[in-house]
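So the structure is just underneath, and the comments pick up after that.
The values are calculated or read from the model by the stated rules, or taken from the named source; none is laboratory data. Remember, it's a predicted structure, so these values are computed and weren't measured experimentally. A quick note on method: Cβ atoms are made from the backbone with ideal geometry, for glycine too, and the neighbour counts reach across all protein chains shown.
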Amino acid sequence: MESINFCGLTFSGLDRKKILSNDSYFQQIVTVGAEFIIEAQKNPRLKEIINKNTSTFDGQVPYLLANLKNNGTSFEKISGADFIYDICEKALHQKERIFLLGGNEISNPASVKRMKEMGIEAEGLVTGFIPYPFPEDRLKAILEKIKEFQPTYLFVGLGMCKQEYFIDENRRFLEQNGVKIAVGSGGTFEVFSGTIKRAPKWMQKMGLEGVFRVFTDPSLKRLRRLLSTIKFIKYI
């Protein structure tokens, strides 16, 4: 599989059509933004997960800088907020199921409802803010729910690291129960459900999506998160 190196990480999720057309093996999709790049420099486990799986560029600034650094290699920016629509389209046409794990009590059921209105078989489960690794009984209940529904696609919105660890640790179980693609999706459910408004296209293209979030949903946590993402530049 074709790949490029950026900030010491291997990105092999360069073409969404190739990702979507592959049905021969289980794929864990890691959508890597600036925060992931920073965390991976000090977290060997996350770095290994990024490097060994189908990792995509999620974030306009990393994507643009990677384009400059890898001049001549054509690749796409594939964020969770965009990729979920690609999966919905494929699931609708091929009569496949989607399972949403994580998010919150508003965004998860609202996303499931929207998918059902699109004509897609979908189900969801909110884990709540419990520590990871999950307690054994809670993990068993989650896996049982997935096994019962038998989805083709799984979106896991547990936040950075937790969602990647969950998919990685349970990949054999997921593959045995029909999952072909599992995506660590962060706050995708909030955007997909309309709980959080996404930045206009022109702001996305300029890499200002984080700035838009701070102004539309202001909080100290969001501001700190925005400022911290600038740090990834030193790893180029």
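The one condition from (1) in a helix (DSSP H, G or I); (2) surrounded by 22 or more Cβ atoms within 10 Å (Cβ to Cβ); (3) small (Gly, Ala, Ser) that ALA182 does not meet is (1). Picking from residues in segment 28-43 that are polar (S, T, N, Q) and within 12 Å of the chain's Cα centre (by Cα), the one that is surrounded by the most Cβ atoms within 10 Å (Cβ to Cβ) is THR31. Of all the criteria given as (1) aromatic (Phe, Trp, Tyr); (2) in contact (Cβ under 8 Å) with a residue 40 or more places away in the chain; (3) surrounded by fewer than 21 Cβ atoms within 10 Å (Cβ to Cβ); (4) under 23 Å from ALA34 (Cα atoms), the one not satisfied by TRP202 is (2).
Here GLY159 meets the list (1) at pLDDT below 95; (2) touching a Gly at 6+ places or on another chain (Cβ under 6 Å) almost entirely, failing just condition (2). Taking the listed residues LEU143, LEU125, the one that is more than 17 Å from ILE29 (Cβ to Cβ), free of Cβ contacts under 8 Å to residues at least 40 places away in the same chain, of a type in the set (A, V, I, L, M) and out of contact with any strand residue (DSSP E or B) (no Cβ under 7 Å at 6 or more places or on another chain) is LEU143, with no other qualifying. Among the residues of segment 1-17, those that are under 17 Å from ASN71 (Cα atoms), outside any strand (DSSP E or B) and among the hydrophobic types (A, V, I, L, M, F, W, C) comprise CYS7, LEU14. Only one entry in GLU164, GLU175 is in contact (Cβ under 8 Å) with a residue 60 or more places away in the chain and over 20 Å from GLY80 (Cα atoms), namely GLU175.
Here's the yes/no breakdown for (1) under 14 Å from GLU164 (Cβ atoms); (2) free of Cβ contacts under 8 Å to residues at least 60 places away in the same chain; (3) in contact with a Phe, Trp or Tyr (Cβ under 7 Å, 6 or more places away or on another chain):
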site: PHE6; (1), (2), (3): no, no, no
site: ILE19; (1), (2), (3): no, no, no
site: VAL30; (1), (2), (3): yes, no, no
site: ILE37; (1), (2), (3): yes, no, yes
site: PRO44; (1), (2), (3): yes, yes, no
site: ILE49; (1), (2), (3): yes, no, no
site: SER55; (1), (2), (3): yes, yes, yes
site: TYR63; (1), (2), (3): no, yes, yes
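Quickly run through segment 68-95 and pick out the residues that are out of contact with any Ser or Thr (no Cβ under 7 Å at 6 or more places or on another chain) and among the hydroxyl-bearing types (Ser, Thr, Tyr). Answer for segment 68-95, where residues must be out of contact with any Ser or Thr (no Cβ under 7 Å at 6 or more places or on another chain) and among the hydroxyl-bearing types (Ser, Thr, Tyr): THR73, SER74, TYR85. GLU76 passes every criterion in (1) in contact (Cβ under 8 Å) with a residue 40 or more places away in the chain; (2) surrounded by fewer than 17 Cβ atoms within 10 Å (Cβ to Cβ); (3) under 20 Å from PHE26 (Cα atoms); (4) touching a Leu at 6+ places or on another chain (Cβ under 7 Å) apart from (3).
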